[in-house]
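Notes follow once the structure below has been shown.
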Amino acid sequence: MTDLLYFPDNEYEEGFEATVSANGTAGGTDFVVLDRTLFYKEGGGQPADHGLLSWDSGRADVIDVRKDHGDIKHFLDGEAPGEGVTVTGRIDWERRYNHMRMHTAQHLVSWVVLQEYDAVTAGNQIHEDESRIDFNPVSFDDEDIAFVEERVNECIQEDLDVSKTMMARDEVKKRVQDGRTNLDLIPDSVDPLRVVIIGDDDLCPCGGTHVSSLGELGEFSVLTTENKGADTERVRFTLHDDH
């Protein structure tokens, strides 16, 4: 089992040391499993971190990170070091930070839309330059989108704190707002849950990486909206880099 060094609230660390606990090849690409890592694995709509692993006799770029039956596999552009080797890891900080900002923005937009339109988040995908959220049931017009932009940017201007902590599953059930998340999709064996809390109001279970305050997001704007059928609207958004 790999120790996730960014949990629950250590997303700003960029480098670490670890020991290779296993290695192998999948799909023609070498990978290593480490005893500890700062690299975020793909999941929850957020892409994996990229970066670099180096050791006494070599180095290789980390090009993907995935969870496989409990193991966190770091896929490499190059040959994997052997078991027991000590490696130094360094994440691509610009990529990580862009994903942090986007993921926190997604939480904020999902919360605003739930409050104002009683629409749940049916799916999302985070990218560095733009991201998307699918909402249901809802049908936005131009006035609605302008309102969402205004409300989200008001929250950003307030620079609300974003905290991350571990919380007992029963406590999460008591505190999370109806429609904010589907706890049934998280296995019962996951307890406690890592939660992300924005200000005093929004609480949501999430394993992704996030900023520590909304002021880091910069200015939020909607790029496009698209009707996906069955009362589902897709909203694509970006963050202007003035944080």
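The values are calculated or read from the model by the stated rules, or taken from the named source; none is laboratory data. For clarity, every value in this text was computed on a predicted model and none was experimentally measured. Please note: Cβ atoms are built from the backbone with ideal geometry, for glycine as well, and neighbour counts cover all protein chains shown. Only protein heavy atoms, including side chains, enter the accessible area calculation; ligands, DNA and RNA are left aside. Shrake-Rupley method; radii C 1.70, N 1.55, O 1.52, S 1.80 Å.
By how many degrees, 0 to 90 and rounded to 10, does the Cα axis of helix 142-158 deviate from the longest principal axis of the chain?
Roughly 60 degrees, rounded to the nearest 10.
For the chain, what is the number of Lys pairs with C-alpha distance below 27 angstrom, counting only pairs 8 or more positions apart or on separate chains?
9
Leaving out ligands, DNA and RNA, and with a 1.4 Å probe, what % of the accessible surface on the stretch 150-243 is carbon or sulfur?
41
How much accessible area per residue does the stretch 14-72 have, counting only protein heavy atoms and a probe of 1.4 Å, in square angstrom?
Result: 46 Å² per residue.
Report, in whole Å, the centroid distance computed from the Cα atoms of the stretch 74-144 and the stretch 181-228.
Centre-to-centre (Cα) distance: 9 Å.
In deg cm²/dmol, rounded to 500, what helix-only [θ] at 222 nm does the chain give when every DSSP H run of at least 4 residues adds -39500 (n - 2.57) and the total is split over its residues?
Value at 222 nm, helices only, nearest 500: -6500 deg cm²/dmol.
Around residue 43, what is the net charge, scoring Lys/Arg as +1 and Asp/Glu as -1 over all other residues with Cβ under 9 Å from its Cβ? If you can, show how the numbers build up before the last one.
Details: positive: 41, 66, 67; negative: 42.
Charge balance in the 9 Å sphere: +2.
Report the net charge of residues surrounding residue 236, where surrounding means a beta-carbon distance below 10 angstrom and charges are Lys +1, Arg +1, Asp -1, Glu -1.
Counting the neighbours of residue 236, the net charge comes to 0.
Taking a cut-off of 22 Å, what percent of all Cα-Cα pairs in the chain are separated by more than that?
56
Within the set of other residues whose C-beta is less than 13 Å from the C-beta of residue 90, count the net charge using Lys and Arg as +1 and Asp and Glu as -1.
Its environment carries a net charge of -4.
Taking θ = phi - 60°, what integer Hz values does the Karplus form 6.51 cos²θ - 1.76 cosθ + 1.60 yield along the stretch 22-34, in sequence order, with x for Gly and Pro?
Values per residue, Gly and Pro as x: 6, 8, x, 9, 9, x, x, 10, 5, 9, 10, 10, 10 Hz.
If I build a Gaussian network model for the chain, linking alpha-carbon pairs within less than 10 angstrom, which residue out of 186, 72, 63 has the largest mean-square fluctuation?
Its mean-square fluctuation being the largest, the pick is 186.
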